[in-house]
Amino acid sequence: MSLRPLSAGAALGILIIAGAAIALLLALRFAQSEADRDSLVWQRQMAVVINSREVAIEEWLAEQKKVISHLAENPSLRIYLGNIEAVNAPQNVENMAQAAYLENQMKGAAIQNGYMPVLDQDFKLKANLDKQRVSGLALTNPQGQVIVSTPNMPSVIRSVAGFLDQGAGKEVISFGPYLSDEKRPVIAFVAPVFGVQDDNSAPALGFAVGIKAVPDDFYQKLIQPGDISQTAKNYIVRKNGAAMEYLSPLPMANGDVTPPLTMALDAQNTALAAVYAVQSARETTGGFSERMNYEGKNVLVTGRKIAGTDWVLVRTIDSQEVLGAIQERKRTIIWIAGLTILAVSILIILIWRHGVSVRVARAAQQQKILSRRYEKLSQFLQIVTDSQPTVIIAIDGHGRYSFANAPAIQDAGLKAPDIIGQRISSVRGRLQSPDMEKYYNQVMKNGVPLSIIEQLPGNEITIKSDYVPLLIDQDQGVLMVIEDISELVQERERREVALKSLVSTLTMVIDSRDPYSAHHSERVAMVSRAIAIEMNVDDVTRETANVAGALMNLGKILVPRELLIRPKGLSKNELETVRSSIMKSADMLETVDFDGPVVKCLRQVRAHWDGSGTPKNLAGQDILLSARIVAVANAFVGMSSARAHRAGMDMEKAILLLLNDADRIYDRKPVTALMNYIENKGGAEQWKEFGTPLAPTDTG
């Protein structure tokens, strides 16, 4: 009689553990999915902020370079410097007068643009004070010797040498920031000066140099308006040999602020946030990672390379602020699930212990009652697991089967009693991975759940397997949940192939109907995809923009062909008929099942950022991002592509026109992304054939 309660209790314990493990697995999955979603939200917020600060800093640098560029292009300055080089003799009276005139011009430019200290602006002030040599404008000869400068101009040798080290190109460069002789951070801007009759292929007559103390308004551009994060920090760094230099002020935990260019750390320390930001900014558009900041605190970090400089913009947020709430919610879910399972288990154990501790006279009856209860509970749990379409297996610490539901038994081709106690290697099922024993050993060793998706060799079956560590009778084990996802994978592949074929076919139909804009749809899709990648949007938005760009002109098959093949001379109503064909495209595709909101995107392509487009009053962020991207791509392709009656517009001019309409017709972000792709990512070379005229082919 003592063996029956023992065997019933063991079976009940196994079923309880199996049910508890399944519940725990579901809780872990839910908690992890919530944590992943919250982490992605934080990363997107960080990307938006750092992209905004990157644009602000680059705009500030562009404004400073424009001042030096205008100075280098000044005709009087170029004539004067040309005369000095031609004569190559001591200054005469005329040149001295011209030098004085140019010096006054440079003083005016320096005062207007912040290149002259406040004391130097008062020309009546007596030179009794020791004036600081921090900022100023200067004109030098090719060797870097100053010819004309504003008063108290600091040394320009370091700046000109930096320009020459970078190849002595034709554009304005920035050098620095570095500490001046007065230990103040300054930035130098250098531009080559060419003769009035010379082009940029001739050697430079000299250099226009501007040295400027880094103003407070530059550091203010690191601050994001409306930033609600409590621990976020934005700062600028650069790698200088084996040192990581911090170029902007650094707020410290004690409330102090470390001045710029006074902190340098080891650039080989890969645990440092600044080191990761520099590496990721060079390799990609900036990833995300958890590292250690300059104060030794764990932070979430991302970085962006500032164009035209050796600077990297870094944004960090304390890991505790980002991950604290996420981890707390995960722990809460797991604790609640664990306590619930524990409470149910304890309750069942107490009932069982009470049943075996009653009097002998009632022991048999109570045992029968308890046995029935255990049997029903066991049957219930077995029914629950057997009703699942997935294979559920429990393997003990010795690598033997301790539990298998009906699908697992059926897959193995064995009877229920025969599979218990078998080793993993001795059971061969249709859905069994050849690496199952390897995954089991890995989970047993690490104690960490494992999820694997793999295609089984020798067939087209794809399975998803979850391995969860268990504790069975104080012995470790692993719960395995195996699901056949072959149909899902095959269906997805079929849908992707069918959709690509549909898009390709419809694109050919579109281009054949409108021979004067052949390849327009293909090009709009190509440019839309490039903009989406440059903006680092999600996969659904990227594919939506790509497909919508390819199909936006489908409605032209309903437009009279004589309107399409007429190169010019369309009336206002005829032109509107052609333009409104995009709405017909949306109507024709209404019933097609796309993965993203392609039809909605097509209906919003003609919407304007300020709400003046179609549909009316649809404006700003309310317009789908994919529609904003396609609108910019369509306008750019239309302007830059050649037609039978005109040549394609220069890409730079097309971008300038798009920028002029930014924040009115177009969203500025896709325009900026397109400009960056053309200028810095090889877009101009990749799309140079846009401007080549195509002979129209009459396909009837």
Q) Considering only strands (runs of 3 or more DSSP E) fully contained in the stretch 188-260, which possess at least 3 residues that are charged (D, E, K, R)? A) 233-240
Q: Could you grab me the full set of residues in the stretch 262-280 that are farther than 17 Å from Lys233 by Cα and surrounded by 18 or more Cβ atoms within 10 Å (Cβ to Cβ)?
A: Ala267, Ser280
Q. When the stretch 577-591 is examined, which residues are found to be in a helix (DSSP H, G or I) and either under 17 Å from Ala631 (Cα atoms) or of a type outside the set (Asp, Glu) (or both)?
A. Thr577, Val578, Arg579, Ser581, Ile582, Met583, Lys584, Ser585, Ala586, Met588
(Q) With the requirement that a residue be part of a loop (DSSP other than H, G, I, E, B) and either modelled with pLDDT under 90 or β-branched (Val, Ile, Thr) (or both), what does the stretch 593-605 give you? (A) Asp593, Phe594, Asp595, Gly596, Val605
Q: Consider only pairs whose beta carbons are under 8 Å apart and that are at least six residues apart or on different chains; among these, list those whose first residue lies in the stretch 426-450 and is free of Cβ contacts under 8 Å to residues at least 60 places away in the same chain and assigned by TED's automatic domain parsing to the domain that holds Asp475 and whose second residue is outside any helix (DSSP H, G or I) and charged (D, E, K, R).
A: Leu431/Asp484; Ser433/Glu454; Asp435/Glu454; Leu450/Asp466
Q. Quick check: is even one residue across the stretch 8-29 modelled with pLDDT of 70 or more and under 30 Å from Asn234 (Cβ atoms)?
A. no
Q.
Just to verify a result, which residue in the stretch 543-582, among those that are of a type in the set (S, T, N, Q) and crowded, with 19+ Cβ neighbours inside 10 Å, is modelled with the lowest pLDDT?
A. Ser581
(Q) Suppose we keep only residues that are in a loop (DSSP other than H, G, I, E, B) and not polar (S, T, N, Q) within the stretch 171-187. Which one would you say is nearest to Gln64 (Cα to Cα)? (A) Val172
**Q.** Residues (buried (at least 20 other Cβ atoms within 10 Å of the Cβ) and among the aliphatic types (A, V, I, L, M)) located in the stretch 386-418
**A.** Val391, Ile392, Ile393, Ala394, Ile395, Ala404, Ala408, Ile409, Ala412
Q) When you look at Val578, is it within 23 Å of the chain's Cα centre (by Cα) and either without any contact (Cβ under 8 Å) to a residue 12 or more places away in the chain or assigned by TED's automatic domain parsing to the domain that holds Thr541 (or both), yes or no? A) no
Q: Go through the stretch 151-193 and count every residue that is on the phi > 0 side of the Ramachandran plot, among the polar types (S, T, N, Q) and under 37 Å from the mean Cα position of the chain (by Cα).
A: 0
Q: Determine, yes or no, whether Leu657 is assigned to a helix (DSSP H, G or I), of a type in the set (A, V, I, L, M, F, W, C) and surrounded by fewer than 20 Cβ atoms within 10 Å (Cβ to Cβ).
A: yes
Q.
Cβ contacts < 6 Å: first residue within 17 Å of Tyr440 (Cα to Cα), restricted to the stretch 399-422; second residue modelled with pLDDT under 80 and surrounded by 22 or more Cβ atoms within 10 Å (Cβ to Cβ), any location; separation 6+ or different chain. Result?
A. Phe403/Ala18
Q: Of the conditions (1) surrounded by fewer than 23 Cβ atoms within 10 Å (Cβ to Cβ); (2) outside any helix (DSSP H, G or I), Thr302 clears all except one; give me its number.
A: (1)
Q: Please list, ordered by first then second residue, the pairs with beta carbon atoms under 6 Å, 6 or more apart or interchain, first in the stretch 643-668 and modelled with pLDDT under 90, second part of a loop (DSSP other than H, G, I, E, B) and not hydroxyl-bearing (Ser, Thr, Tyr).
A: Ala644/Pro567; Ala644/Pro696; His645/Pro567; His645/Lys568; Gly648/Ala642
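The values are calculated or read from the model by the stated rules, or taken from the named source; none is laboratory data. Given the structure is predicted, the values throughout are model-derived calculations rather than measurements. Here the Cβ is made from the backbone with ideal geometry for all residues, glycine too, and neighbour counts use every protein chain on show.
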